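Read the figures in this text as sums done on the coordinates, not as results from a lab. Just so it is clear, the model here is predicted, and its values are computed rather than measured. Glycine also receives a Cβ, built like all others from the backbone with ideal geometry; neighbour counts cover every protein chain displayed.
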2 protein chains.
Amino acid sequence: MRQSQTFIPTLKESPADAEIASHRLLVRAGFIRKVASGIYDFLPLGLRVVQKIEGIIRQEMNRAGAQEVQLPIMQPREIWEESGRWSKYGPEMMRLVDRAERDFGLGPTHEEIITDLVRSNVSSYRELPLNLYQIGTKFRDEIRPRFGLLRAREFLMKDGYSFDRDTDGMVRTYELMYEAYGRVFTRSGCTWRAVEADTGLIGGDISHEFMVPAEVGEDSIAFCGECSYAANLELAAYSRRGPLQGEGQAVEKVSTPDKRTIEEVSGFLGLEPERMIKCLMFLVEDRPIAVLVPGDREANEVKLERIFSTDEFRLFNEEDWKRFPHMLQGFVGPVGMEGVEIIADSALEGAAGMACGANEVDYHLRNVEQGRDFGVQGFADVTFAREGDTCPRCGGILKVEEGIEVGQVFQLGDRYSHPMGCCYDDENGNSRPMIMGTYGIGVTRLMAAIVEQHHDERGIIWPLSVAPCPLHILPLDYEEERRKEAAEELYRSCRNRGWEILLDDRMERAGVKFADADLLGIPYRAVIGKGYLEDGKYELQVRATGEKIKADLESVLDHLQEALDSLRDED
Amino acid sequence: MRQSQTFIPTLKESPADAEIASHRLLVRAGFIRKVASGIYDFLPLGLRVVQKIEGIIRQEMNRAGAQEVQLPIMQPREIWEESGRWSKYGPEMMRLVDRAERDFGLGPTHEEIITDLVRSNVSSYRELPLNLYQIGTKFRDEIRPRFGLLRAREFLMKDGYSFDRDTDGMVRTYELMYEAYGRVFTRSGCTWRAVEADTGLIGGDISHEFMVPAEVGEDSIAFCGECSYAANLELAAYSRRGPLQGEGQAVEKVSTPDKRTIEEVSGFLGLEPERMIKCLMFLVEDRPIAVLVPGDREANEVKLERIFSTDEFRLFNEEDWKRFPHMLQGFVGPVGMEGVEIIADSALEGAAGMACGANEVDYHLRNVEQGRDFGVQGFADVTFAREGDTCPRCGGILKVEEGIEVGQVFQLGDRYSHPMGCCYDDENGNSRPMIMGTYGIGVTRLMAAIVEQHHDERGIIWPLSVAPCPLHILPLDYEEERRKEAAEELYRSCRNRGWEILLDDRMERAGVKFADADLLGIPYRAVIGKGYLEDGKYELQVRATGEKIKADLESVLDHLQEALDSLRDED
């Protein structure tokens, strides 16, 4: 590619709405352009990166025995009704009505479509397992699109779906996919961490997310410094340290005028916040449930959803407080609370020397002891873990870091095959639901995550495997005949080897060329400066390390060949 | 690919809604599956064909200097308002409203999006010409989706857009694209014909369609048997044979009770239909215009749109006839017609001995002579050509055939750059609108067109260049050890050469294997039957010709290598 003829509209200024490096740099380097909120054009160099990532994904999927298909974006409402997700998906699904007044969704994910395909075309155990994937455009009407490609409304995903005879088969396929995913992210140049994750709107029981650690990550990950335990913070477990001890004193009612928050009350009482029992009122499918957590912890709604076995719940709103007037907002507490189910965080089991609301305006109780003073219907893990907590697996210390989710795998079981009747006949002629898994990679999101992990203040630093091209030739004075010829000779030699590379044939100052080259972030750079006139050597620079070596034509080609060969070894 | 593990759900029966061969065979062979009206899944073999076609398109586009980008499907209404097409596109554009109540269209085509991209990022004559293309999913809410991939609502298109400094530059780019298109269709195995075409909703002045002749084509093409003239029938010109002569008699008013149609009146009067003047009343932007055509010809609304310079016109409806009561439906004629503009087909200039409506109920006039008895405001070509007409270019004889439109190229001029302000500064610093072209290929439509040209009663016959794979290995008894090993050895040898091929490793009867192989239509087939046990030779069969030769392993590989090399020569 000759830079003078390639559409690479670089910008000096960052776009006003760009808050993070990948957004800023991908726009400035002319890889993407915003069309509307969360919607982007991919320009020639940007699309090349996407296609490189797609290539790695295809290789790993095919190697793992998955077969590529292409499913439609427009999906009829009827199919989504079968799984119950037409209503469940809510406003995140883009929807339209065709000229015949039929409802369609623009696929945010394709479980229904693929299950419909397989139930109509596969009927025997001999045809299983079956593992299908696609790479295609997805839509999600994010409430607040931002961060460029990280939270877009139209984006590219690889989504895959497996169909097995039974749970064992599903688990084997899941493990194959898990490994393949790891290879995809490693080959794309990312450091990553697989973590236990919630299954959300997709469903199923077991799930892992693939997280690329990055400061700007939207997810928090808890992981053990000593063992392999890692989980999304919304799911991470931790070991409780045993109940707080008290001194056996009787419950005492204390006047706490105008003190309502944990901070206010614990400060007033001279207690550590962890000695407070926070009593949170939830309306769960129209029924009030009290959730008790230590005063220094936050309740975790993802964990609560599992305990409540429903996603229809909310913290009491103004209306709910009015509806249950015997619950006094700011003063509810478990002692003497009647007719309400109480769930408590495991840390509170047997805790003594605690304080809580007195169910009376402007009063709290102290010296409260769980068991002695109040019972609960159940103990469970209902709070968020935090840095320094104890690993639930090995007793080590948990750390917390931010990460970008680039992939997720799910063991679906019969979540879709059962309601949609996707069954097969087993060896004995009995009809059984297929056992499914589903696997997703955010392709354009991965592109952004790679940039988050690979950039400096001057620009992007593409890993070779996903770079738009391996080499950038920079003749610093293209008008000067000998340097121009040196550039053209190297360009020809690379093309003869089948390498698509970028030649900066523009009549620009050296400063402009270097600044653009730093911004574009092509891994290797062959600079042809004044030195070339003396020794006839190119200066081969490595964008990632800043390393510079003098090399003649053959040596430049050898270096590149070696680097490209090492990629092939990863294949 | 091992057939036992590949998702190829073939069917014995054709789908009920399949009216044409490509629809029937692509579904039966397990290449595609219907999801909803005009919406399809592409299964593994089908997607492979799509990707082969995409590969050919990419090669030809890149070779012609076009650069690949990816533009979004969701397009904001505001951009379409700028070109005036938000309302013009009508119900064919799929539309949706996002959660913030903003309107979007799902791109049926991307002129607005690309013009917006280029106007914001290109400003100097030095950056032109620029030629960008993409391959992506398009939507069109067809009023009656049918014929499988031929008239789908969600489909794959390659669309390209060029930006030049001036008309000369645009014409040069147009010619480059025209040639590249021809190569794409030839390399895809199609015979094709480029024809002059209407520009429709896209706009611009000059356009050519690439037509693949096929019985089931939705378009008719007129072409000359002697010269290169060819045009879509809706646009095809033809030379008139000179006016009909009369005998100079005076106009005669004849009672024609209850005779209204051309056939009724001409029969009643004993005249050839061509001696009748058909007088059609159009309401053009709220103004009546009479269009005169010979009684044996049909008025052509595409030609009329150009003459009227507006698409806001219609044949009089009941309401219009009531609104202009002096026009008598069934008896209008040009003689004595007042206050109405009259346009006549060129064939009527100076025509004599004609008959027409008398503007009086149940009366017609005969012996009418154009010029003597009535004048017109203009003569023009307003009728359809037909088989046997005279070529407008060389005087040869026109033929008419049916064809499938697989591509179209347009000289847009400043149709979009002018209203949208897509301008550049020329050498003298003057701002000028860029001069654009636009170029489209229906990728999935081309796949169907290829099948229409390449099939027999048993199945598809893929051209090698777009076949899902080049070779199909058919061991007729896979359980028999020597034949199994012969199949596996050939399979391994092909894979070692980097060829992806299909091995029918299913435990099926020979009849089933042959029937499926015929249906799938892979170009070469290596059959391992009983003969192999005697002579150790494969039977290499050519699907297209039925040719069969005995060949040992090396010879099979050589044959294939030669065939594949000949494709590469086309590259």
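Points to keep in mind about this one:
- For chain A, A:CYS190, A:CYS279, A:CYS356, A:CYS422, A:CYS423, A:CYS469, A:CYS494 stand unpaired, since no other cysteine beta carbon lies under 4.7 Å from theirs.
- Each copy carries B:VAL400; placing its label point 7 Å along the C-beta direction from Cα gives inter-copy distances of 7.6 nm, listed from smallest up.
- Based on Cα contacts under 8 Å between residues 6+ apart, chain A shows a relative contact order of 17 percent.
- Nearest-to-axis residue of chain A, judged by beta-carbon position, where the axis maps A onto B, in Å: A:LEU96, 2
- Cα centroid separation, the range B:411-433 to the range A:168-218: 49 Å.
- When A:ASP286 is represented by a point 7 angstrom out along its Cα-to-C-beta vector, the spacings to that point in the other copies are 5.8 nm, nearest first.
- Remark on A:ASN300: its backbone amide H falls under 5 Å from those of A:THR383, A:PHE384, a criterion applied only to residues 5 or more positions apart or on other chains, H modelled at 1.01 Å from N.
- Distances between copies at A:GLU298, taken between label points 7 Å from Cα along the C-beta direction, are 6.9 nm in increasing order.
- Pairs from B:LYS278/B:LYS399; A:LYS513/A:LYS548; A:LYS34/A:LYS138 whose Cα-Cα separation, in the structure shown, is over 21 Å: B:LYS278/B:LYS399
- Evaluated with a Cβ-only charge set (Lys, Arg +1; Asp, Glu -1), the protein assembly as shown carries a dipole of roughly 760 debye about its Cα centre, given to the nearest 20.
- Here the range A:403-534 is treated as an ellipsoid with the same Cα gyration tensor; its semi-axes, largest first and in whole Å, are 53, 18, 9.
- Taken over the alpha carbons of the range A:212-264 as equal point scatterers, the Debye sum produces base-10 log I(q)/I(0) values at 0.27 Å⁻¹ of -1.14.
- For the residue pairs A:LYS530/A:LYS550; A:LYS52/A:LYS158; A:LYS259/A:LYS322; A:LYS88/A:LYS322, the alpha carbons lie more than 18 Å apart in A:LYS259/A:LYS322; A:LYS88/A:LYS322.
- Inter-probe distance in nm under a simple model that places probes 7 Å from Cα toward Cβ, at B:SER228 and B:GLU360: 5.6 nm
- Distance from the alpha carbon centroid of the range A:332-386 to that of the range B:329-404 works out to 96 angstrom.
- Phi angles across the range A:49-57 convert, under the Karplus curve 6.51 cos²θ - 1.76 cosθ + 1.60 with θ = phi - 60°, into 3J(HN,Hα) values of 5, 4, 5, 5, 4, 4, x, 5, 4 Hz, Gly and Pro given as x.
- Shielding by other protein chains, A:93-99, mean Cβ within 10 Å: 6
- Dimensions (Å) - the range A:469-570, Cα atoms, principal axes, largest first: 40, 26, 22
- Cα pair distances in chain B, grouped into 20 Å bins until the bin that holds the longest one, percent each: 18, 40, 30, 11, 1
- Simple label model, 7 Å out from Cα along Cβ direction - B:ARG99 to B:LEU567, nm: 4.6 nm
- Legend: P(r) of the range A:138-287 from all alpha carbon pair distances, 10 Å bins from 0, whole percents, reading 8, 22, 27, 20, 15, 8, 1.
- Förster radius 56 Å - calculated FRET efficiency between B:SER124 and A:GLU312, Cβ distance, rounded to 0.05: 0.40
- Convex hull volume of the range B:1-90 per residue (C-alpha atoms, cubic angstrom): 185 Å³
- Other-chain or far-sequence residues with amide H under 5 Å of A:TYR229's (modelled H): A:CYS224
- Chain A - mean residue ellipticity at 222 nm from DSSP helices (-39,500 (n - 2.57) per run, n ≥ 4, rounded to 500): -8500 deg cm²/dmol
- Geometric extent, Cα atoms of the range A:252-380 - Rg, Dmax (angstrom): 13.7, 39
- Partner aspartates and glutamates whose Cα lies under 12 Å from the Cα of B:LYS537, excluding those fewer than 8 positions away in the same chain, are identified as B:ASP552, B:GLU554.
- Semi-axis lengths, largest first, of the ellipsoid equivalent to the protein assembly as shown are 62, 40, 35 Å, with √(5λ) applied to each eigenvalue of the Cα gyration tensor.
- The distance between label points at B:ASP258 and A:GLU92 comes to 7.2 nm (points 7 Å beyond Cα on the Cα→Cβ vector).
- Measuring between their Cα centroids, the range B:45-82 and the range B:235-299 lie 48 Å from each other.
- Sequence of A:GLU142, B:GLU154, B:GLU318 once ranked by neighbouring C-beta atoms within 10 Å, starting from the fewest: B:GLU318, A:GLU142, B:GLU154
- HN-Hα J in Hz across the range B:336-347 - Karplus 6.51, -1.76, 1.60, θ = phi - 60°, x for Gly and Pro: x, 6, 10, x, 10, 5, 10, 10, 10, 5, 3, 4
- In this structure, the amide hydrogen of A:ASP505, modeled 1.01 Å from its nitrogen in the peptide plane, lies closer than 5 angstrom to those of A:GLN3, A:SER4, counting only residues at least 5 positions away or on a different chain.
- Fewest-first ordering of B:THR545, B:THR167, B:THR383 by other beta carbons within 10 Å of each residue's beta carbon gives B:THR545, B:THR167, B:THR383.
- Whole-Hz Karplus values for the range A:425-440 come out as 8, 7, 4, 9, x, 8, 7, 9, x, 5, 9, 10, x, 9, 9, x Hz, taken residue by residue from phi with 6.51 cos²θ - 1.76 cosθ + 1.60 and θ = phi - 60°; glycine and proline positions read x.
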